[in-house]
There are 2 protein chains.
Amino acid sequence: MEIQAIRVNADELTSFCKRAFKKYGFSDKDADTITDVLLAADLYGVDTHGSQRLEMYRKQIQKGFIHVENQPKIAFETPISAVVDGNRAMGQVVGKYAMEIAIEKAKKSGIGLVTVRNSNHYGIASYYSKLACNEGLIGVSMTNSFPVVVPTFGKHPMMGTNPIAVSIPADPVDFNFDVATSVVAYGKVEVRNKKGIELPVGWGINDEGKDAINPMDIINGIAYRTCGLHPLGGSSELFGGHKGFGFSLIVEFLTAILSNGFTSNHSEDDGIAGICHYFMAIDPNLFGDAEQIKSHWNTYLQEVRDSEKAYQQDRIYIHGEKEAEKHQDRLDNGVPILPKTLEEMENLAKQLDMEFGITLPE
Amino acid sequence: MEIQAIRVNADELTSFCKRAFKKYGFSDKDADTITDVLLAADLYGVDTHGSQRLEMYRKQIQKGFIHVENQPKIAFETPISAVVDGNRAMGQVVGKYAMEIAIEKAKKSGIGLVTVRNSNHYGIASYYSKLACNEGLIGVSMTNSFPVVVPTFGKHPMMGTNPIAVSIPADPVDFNFDVATSVVAYGKVEVRNKKGIELPVGWGINDEGKDAINPMDIINGIAYRTCGLHPLGGSSELFGGHKGFGFSLIVEFLTAILSNGFTSNHSEDDGIAGICHYFMAIDPNLFGDAEQIKSHWNTYLQEVRDSEKAYQQDRIYIHGEKEAEKHQDRLDNGVPILPKTLEEMENLAKQLDMEFGITLPE
């Protein structure tokens, strides 16, 4: 029997996270920012990147990866670009700071491109691209990360899951694309492991350089950096694995190379080599009338939605729609959290000497 | 027994193409441009996009899609962007014109973004991104096309194969990524059809909305617009089909939506609705020192090449390496052309009342 998640009120969860991050030592402003990013993930249904990461961030602070009092700063800039040194501050604080620079430059000059070095895990990529989209701009956000993805024909993890997020204003729902350039997110392997289900051939490679079937092969392989997940498209060129591999190299270039930061294969556990990001904001008025462009986009996306369906399918989802529906449901009915995670949160509250403040069902 | 291709001298092939395009009615300059793009494909080993397309272009001229005397023009511009109206000129002529605008703007302002409407088939995407790369810039090139790709959970083709090309200066070989956002290029289905081999599950969908196994299901489905190829990642979300779908929608946005042109599903056979492109050139000096960035990139790519290999694999290819090796081989030993294609070319020469000029083996 599957364990039922408990629905937790979003405001209570928000308050809990803010109070916890303040106890971790963050300023009020930074605690607000970090919480906002985590709650966006919780509300959009990206449960692996939401408040359940509280513990992960605490460990990263203890290890010295994250410096709670540090702030990012501009290392180099032009009217349309910047290099930000994250200064090993919290990834969400760095990410928001850098995307706001991109937005400001786009509003003044039509475009803003910002690359970032020495940051940390920044949560969901699309939080930042949506910041631009909310201002009527096209938003792009990418990050490298801990090495988990192997090159096509390789077995050593050399890239992160390296997500690419692109947000473009649209009605009735903004287009919001946010995908790992690996064939699947690492969280999906963990889920299969918990459920005791084998992996489909094509998700990853084992220590021997062959198809990984046992989820633990990937989990251990990533922990010890001996093997990992395949890029989008799988293990070979038959289904385009070299395409996902290329997308993930491009993310490394825009994040780690342009910023003179560390590529994913060097994001070592020693706390020195940080994570790198890339942000871009583009004003559609660079190409004419933004309203007319949006209207043309709306028409096309509706044509795609309305087009004929595959066997036994009744709906074509445009990127961002599933998330928008989950967002509304979770605002109305609460964020589903597993009992074990809630227990961890309650213990965390005790350790931090703060009120738990989350109402559990009778 | 497989039919052996005949190696044709590249200079002779170049001369043949130039003379043919002049006979089609193109100016000397335009014939040179078109030939240069086709020969790049021939030399890089992208045989489906090279001189064997002579006949396809002739048909498109006859149908009135391509207007041989037309020239593209700027419809709207800012210091960092432009919208180009292709004016239904030959795609290669439009593409080179638009990318040169992007390069010029990048040299002056750091970046150039150019979207294009009312064009035609422009050949290989990376020809244009390499133009920027040859100038030390980061080059991006995309195009929409005839509808052949279905949305995730859909069966009606709503997108083109919508390639994305990204070229970034590197030593010893420039990084040169050029991939369709479909799971495979359409040409691979044609090859399987000729060889009488079934399609692997995940390449495409048939008229009934189920997995296409017979190559003819895809070939007919595309001709009659009833079904088509899946996006990169395949038919479902299990291997990330929604990711390829999203990439192909982004290509539609940058090409057809930003330019106020026609999306792939409207690129009708009536000759009115043209193909749309997108080009971008970025000066790496926007982020510091271009030489230092290139050196950092070289180091990382070499680390990837040198990393451990999968079972029975002895080499990891960085994007552009295979093409560079083929380029050298074909310059030295000739471009392989199938006897049937050579026969078509010989007939074409007769029809156009021009010398064949290609030396065949004894």
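What follows is calculated from the coordinates using simple rules that are stated; it is not laboratory data. None of the values given here were measured: they were computed from a predicted structure. We place every Cβ from the backbone using ideal geometry, glycine too, and count neighbours over all the protein chains shown.
Look at the Cα gyration tensor of the stretch A:227-269: its axes a ≥ b ≥ c give a/c of at least 1.5 with a/b at or below b/c, and that counts as oblate. For A:Lys155, a cut-off of 21 angstrom between C-alpha atoms picks up these lysines, skipping any fewer than 8 places away in its own chain: A:Lys188, A:Lys210, A:Lys243, B:Lys309, B:Lys322.
Per-residue ellipticity at 222 nm from helix content only, as computed over chain B with -39500 (n - 2.57) for each DSSP H run of at least four residues, stands at -12500 deg cm²/dmol.
By the scheme Lys and Arg +1, Asp and Glu -1, what is the net charge of all other residues having a beta-carbon under 12 Å from that of A:Leu249? The partial results should precede the final answer.
Numbers: positive: A:Lys243, B:Arg305; negative: A:Glu252, B:Glu303.
In short, 0.
Under the combined filter of DSSP loop state and at most 15 neighbouring Cβ atoms within 10 Å, the stretch B:1-88 retains these GluC sites (Glu not before Pro): B:Glu2, B:Glu69. In this assembly of identical copies, the label point of A:Lys73 (Cα plus 7 Å along Cα-to-Cβ) is separated from its counterparts by 5.3 nm, sorted shortest first.
Amide H contacts of A:Ser81 (H built 1.01 Å from N, in plane; Pro and chain starts excluded): A:Leu113 sit under 5 Å, all sequence-distant by 5 or more or on other chains.
Under 5 Å between amide hydrogens, built in the peptide plane, is the criterion, and for B:Ser236 it picks out B:Gly241 among residues at least 5 positions away or on other chains. Each Lys or Arg adds one and each Asp or Glu subtracts one; over the other residues with Cβ under 10 Å from the Cβ of A:Val46, this totals -3.
Working from the Cα coordinates of chain A, the gyration tensor eigenvalues give, after taking √(5λ), semi-axes of 28, 27, 25 Å in decreasing order.
Distances between copies of B:Ala223, taken at a point 7 Å out from Cα along the Cα→Cβ vector and listed shortest first: 5.7 nm.
Here the Karplus relation 6.51 cos²θ - 1.76 cosθ + 1.60, evaluated at θ = phi - 60°, turns the backbone of the stretch B:105-112 into coupling constants of 5, 5, 5, 7, 10, x, 8, x Hz, with x for every Gly and Pro. Taking every residue in A:76-84 and counting other chain Cβ atoms within 10 Å of its Cβ, the average works out to 4.
Reported to the nearest whole Å, the Cα centre-to-centre distance from the stretch A:13-44 to the stretch B:170-194 is 44. Rounded to whole numbers, the Karplus 3J(HN,Hα) couplings from phi for the stretch A:201-216 are 4, x, 7, x, 10, 9, 3, 7, x, 10, 4, 8, 10, 7, x, 5 Hz, using 6.51 cos²θ - 1.76 cosθ + 1.60 with θ = phi - 60°, and x at Gly and Pro.
Counting every pair of alpha carbons in the stretch A:280-357, the share spaced more than 22 Å apart comes to 60 percent. What does the charge count near A:Ile124 come to, summing +1 for each Lys or Arg and -1 for each Asp or Glu among other residues with Cβ under 12 Å from its Cβ? Summing Lys/Arg as +1 and Asp/Glu as -1 gives -3.
Once the cut-off is 25 Å, how many percent of the Cα-Cα pairs in the stretch A:145-259 end up in the long-distance tail?
Numbers: 1504 of 6555 pairs.
When every Cα pair of the stretch A:145-259 is considered, 23 percent fall beyond 25 Å.
If you place +1 on the Cβ of every Lys and Arg and -1 on the Cβ of every Asp and Glu, how big does the dipole about the Cα centre of the stretch B:214-304 come out, in debye to the nearest 20?
Around 140 debye, computed over the stretch B:214-304.
Label zone of B:Val173 (point 7 Å out along Cα→Cβ, amide N under 20 Å): in the stretch A:240-275 this covers A:240-253. Once the chain from A:Asp28 to A:Lys59 is taken as fully extended at 0.36 nm per residue, the excess over their C-alpha distance is 9.1 nm.
Post the alpha-carbon centroid distance, the stretch A:219-285 to the stretch B:315-353, in whole angstrom. Rounded to whole Å, the Cα centres lie 34 Å apart.
Whole-Å semi-axes of the stretch B:184-229's equivalent ellipsoid, largest first, each the root of 5 times a Cα gyration tensor eigenvalue? Please list the in-between numbers first.
On the way: eigenvalues 44, 24, 15 Å².
Over the Cα atoms of the stretch B:184-229, the semi-axes work out to 15, 11, 9 Å.
Pairs of alpha-carbon atoms within less than 8 angstrom and 6+ residues apart define the contacts here; what relative contact order does chain B have, in percent? Walk me through the numbers before you get to the answer.
Numbers: 785 pairs, mean separation 78.2, N = 362.
Contact order relative to length: 22 percent.
Take every residue in peptide A:156-162, count the Cβ atoms of other chains within 10 Å of its Cβ, and give the average of those counts.
Taking the mean over all residues of the peptide, I get 3.
Annotation for A:Leu338, label-to-label distances across the other copies: 5.3 nm (shortest first, one decimal, point 7 Å from Cα along Cα→Cβ).
Note on A:Glu355 and B:Tyr224: the model spin-label points, each 7 Å out from Cα along the C-beta direction, lie 6.9 nm apart. Here the label points at B:Glu208 and B:Asn298, each 7 Å from Cα along the C-beta direction, are separated by 5.8 nm in the simple model.
Scalar couplings 3J(HN,Hα) for the stretch B:187-192, obtained by applying the Karplus form with A = 6.51, B = -1.76, C = 1.60 to θ = phi - 60°, are x, 5, 5, 4, 4, 4 Hz; x denotes Gly and Pro.
Give me D for the stretch A:16-86 in µm² s⁻¹, whole number, from Stokes-Einstein with Rh from the Kirkwood sum over alpha-carbon pairs, 37 °C and 0.692 mPa s.
D, rounded to a whole number, is 244 µm²/s.
By the beta-carbon count within 10 Å of each Cβ, the least crowded to most crowded order of B:Ser259, A:Ser235, fewest first, is A:Ser235, B:Ser259.
Quick one: order A:Asp211, A:Asp217, B:Asp353 by neighbouring beta-carbon count within 10 Å, fewest to most. Walk me through the numbers on the way to the answer.
Numbers: A:Asp211 19, A:Asp217 22, B:Asp353 7.
Final ranking by Cβ density, sparse to dense: B:Asp353, A:Asp211, A:Asp217.
The distance between label points at B:Asp11 and B:Tyr311 comes to 5.0 nm (points 7 Å beyond Cα on the Cα→Cβ vector). Taking amide H as placed 1.01 Å from N in the peptide plane, A:Gly154 has its amide H under 5 Å from the amide H of B:Ala310, each at least 5 places away in sequence or on another chain.
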